[in-house]
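Q: Here it is: the structure, laid out below.
The values are calculated or read from the model by the stated rules, or taken from the named source; none is laboratory data. Given the structure is predicted, the values throughout are model-derived calculations rather than measurements. Neighbour counts are summed over all protein chains in view; Cβ atoms, including those assigned to glycine, are modelled from backbone coordinates with ideal geometry.
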Amino acid sequence: MPKMPQFEITVRGVTAVESNSDGFSDWAEIILDVQYGSHVRRIELTRAAGQEILEQLNKALHPWAGKSIRETVEEELDTVVERLLAEGKPDPGAEPGEYIEYGEERGRAQGLATALAVFINPYKPNVPETKRAAAERVRARET
């Protein structure tokens, strides 16, 4: 695998002297300098744009940040159920690999539903109800 070039990112606020000089936009509040190999890219941002970029990066890098364990397991279960409903059961003449993938997804759904049911009520987990609720959530999102 080829080695990726090093990059360096510098973020700083625009000083009063810089904002009055040529080369900077009047509205720029933050300067983001990205050096990737021998290339340098300067990006001028407002504080609001910088905050939006930061929020989107945080969502991408930490998708479950701020969510409870229940919300995280529920979202993962919904994702698996959505795939199972969309793809359906393999045809009788399907390749063996398709049956294996289908079985793995069903097992993943069963495990997540069991974990969620135990989390909801550790004394009397209701796995079938948890699976039914997940399927209803997925179908409701589709309409």
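Q: Identify all residues within region 44-97 that are touching a strand residue (DSSP E or B) at 6+ places or on another chain (Cβ under 7 Å) and of a type in the set (Asp, Glu); write none if there are none.
A: Listed by number, the list holds a single entry, GLU44.
Q: Tell me which helices (runs of 4 or more DSSP H) are completely within region 58-143 and hold 1 or more residues being under 17 Å from the mean Cα position of the chain (by Cα) and in contact (Cβ under 8 Å) with a residue 40 or more places away in the chain, or say none if there are none.
A: It comes to 69-87.
Q: Related question: Going by the structure shown, is TYR36 loosely packed, with under 15 Cβ neighbours inside 10 Å and in contact (Cβ under 8 Å) with a residue 24 or more places away in the chain?
A: So TYR36 passes the test.
Q: Please work out if TRP64 is surrounded by 10 or more Cβ atoms within 10 Å (Cβ to Cβ), at pLDDT below 85, among the hydrophobic types (A, V, I, L, M, F, W, C) and closer than 30 Å to ARG132 by Cα.
A: yes
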